[in-house]
Amino acid sequence: GTRGLVNAETMGTVMRVDQGKWSAFMFGRERQLLIHVVNTAEEGNAESVMSAMDTFWNETFKMEGTDSWSIRGDLIDRVIKDKKPRRCMEIGTYCGYSSLRIARNLPAEGLLVSIGLDP
């Protein structure tokens, strides 16, 4: 359902950007992603959320070369598994996809701090 989206709007964590802002054109795509994830992913299941995000981006960007983000995701997985950090800091969250990839490879007592600018 859309419970998560409604809660996010009520809490003010998801809001329409002012049409005069440079980022206003991005509102539609990210909003569509959020709606898709809320409607298709299993609540509380990070793998399901990433799968829903993968499906959305694959359907949204069917052009050649747009799979580079999944290549970067595989790289993130490999680096985290090889280095085995206990704490990570991510600068630039965007939609949270890489945050999920990092967090799933941290130990149970691990910590991920993600810093994002919300224009």
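The values are calculated or read from the model by the stated rules, or taken from the named source; none is laboratory data. Here the structure is a predicted model, which is why all the values come from computation and not from measurement. Glycine gets a Cβ as well: all are built from the backbone with ideal geometry, and neighbour counts include every protein chain shown.
Quick look at the numbers
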quantity	calculated
Every residue from segment 78-93 that is over 9 Å from residue 106 (Cβ atoms) and either surrounded by 12 or more Cβ atoms within 10 Å (Cβ to Cβ) or touching a Ser or Thr at 6+ places or on another chain (Cβ under 6 Å) (or both)	79, 90, 93
For residue 78: the one exception among (1) in contact (Cβ under 8 Å) with a residue 40 or more places away in the chain; (2) farther than 25 Å from residue 38 by Cα	(1)
1 or more residues modelled with pLDDT of 90 or more and under 17 Å from residue 29 (Cβ atoms): qualifying helices (runs of 4 or more DSSP H) within segment 39-119	46-60, 97-104
